[in-house]
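The values are calculated or read from the model by the stated rules, or taken from the named source; none is laboratory data. No experiment lies behind these values; they were computed from the predicted model shown. Cβ placement follows ideal geometry from the backbone for every residue including glycine, while neighbour counts extend to all protein chains displayed. Heads up: the accessible areas ignore ligands, DNA and RNA and are worked out on the full protein's heavy atoms, side chains in. Shrake-Rupley method; radii C 1.70, N 1.55, O 1.52, S 1.80 Å.
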Amino acid sequence: MTDTPARRRGRPRDADLEDRVFDAVLEVYAETSWRGFTLDAVGRRARVGRAALYRRWDTKDELLVQALEARSPLPVPIDTGALRSDLTELARQLLHGYRTPSGLVSLRVALDSRVNPELLAHLTRTLNRSRILAARTIVHRAVERGELDPGTSVTLLLEIVTGAVLSHALFGLSDPAPDDDDAYADRIVEVVVGALHGAGSVSDPKRKSQSVIEL
């Protein structure tokens, strides 16, 4: 006798419906923020029946997370084999992502979570977990390769790069030229890595640094 597979909630996956709904999620959230974001509003925008939405998503939290994950601002794994190029690619992907509707909505979710922590804190944790892990892995690999001193602060290093990128996306040109973001990513990483070299926390691959710098 074989066990009966557990029945999954909802209908089989419908890619076309999901695409329309996820597009509607981004549009509605961008216009209304959390307080105006409802499954009914998404359904009207996507022209999807209320029953069809509720068969697939229990809550608006679940729908919002899935929509943002499907259109992630950091979609490509990064491993170029070197710290400088890894950080540059991270900065580029983040900048390009922030220029998209899903990237802008992700930023709005992060801001809304400060006002409604009980509602949205778990959303930002879910959305950020994979990106934080990917970014920290870049630094840990650099330490293992001998490019960074083991005492380098992973958190501070990443905050310098990602914070600069976020500031540039929010306060820089709203419609930059195609190569502007890539050039900025190159410059900010050059400055950061140069500063780490000056502090002695970046090791010459040919000569292991003896100092331990905790930034």
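Of all residues in region 72-85, count the ones that are surrounded by fewer than 19 Cβ atoms within 10 Å (Cβ to Cβ) and modelled with pLDDT of 90 or more.
Total meeting the criteria: 7.
From D58, D40, D79, grab the single residue that is farther than 30 Å from D175 by Cα, of a type in the set (D, E, K, R) and not in a helix (DSSP H, G or I).
That would be D58, the only listed residue that is farther than 30 Å from D175 by Cα, of a type in the set (D, E, K, R) and not in a helix (DSSP H, G or I).
I'd like to verify a number: residues in region 1-34 that are surrounded by 10 or more Cβ atoms within 10 Å (Cβ to Cβ) and either at negative phi or modelled with pLDDT of 95 or more (or both), how many?
The total comes to 19.
Could you count how many residues in region 36-47 are out of contact with any helix residue (DSSP H, G or I) (no Cβ under 6 Å at 6 or more places or on another chain) and in contact (Cβ under 8 Å) with a residue 24 or more places away in the chain?
The qualifying residues number 1.
Go through region 43-55 residue by residue and tally those that are outside any helix (DSSP H, G or I) and open to solvent by 20 Å² or more (accessible area, probe 1.4 Å).
2
When only residues in region 56-65 that are surrounded by fewer than 17 Cβ atoms within 10 Å (Cβ to Cβ) and not β-branched (V, I, T) count, which is farthest from D14 (Cα to Cα)?
In this case the residue turns out to be D61.
Which numbered condition trips up D186, out of (1) modelled with pLDDT under 70; (2) open to solvent by 40 Å² or more (accessible area, probe 1.4 Å); (3) not polar (S, T, N, Q)?
Failing condition for D186: (1).
Please verify whether E69 is open to solvent by 50 Å² or more (accessible area, probe 1.4 Å), at pLDDT below 90 and not hydrophobic (A, V, I, L, M, F, W, C), treating the condition exactly as stated.
yes
Being over 11 Å from the mean Cα position of the chain (by Cα) and at pLDDT 90 or above narrows it down to one of S153, S174, so name that one.
The match here is S153.
Is at least one residue of region 132-145 in contact with a Phe, Trp or Tyr (Cβ under 7 Å, 6 or more places away or on another chain), at pLDDT below 85 and closer than 26 Å to W34 by Cα?
Scanning region 132-145, I find no residue that is in contact with a Phe, Trp or Tyr (Cβ under 7 Å, 6 or more places away or on another chain), at pLDDT below 85 and closer than 26 Å to W34 by Cα, so the answer is no.
Right, R125: closer than 17 Å to S167 by Cα and over 10 Å from the mean Cα position of the chain (by Cα) or not?
It is false that R125 is closer than 17 Å to S167 by Cα and over 10 Å from the mean Cα position of the chain (by Cα).
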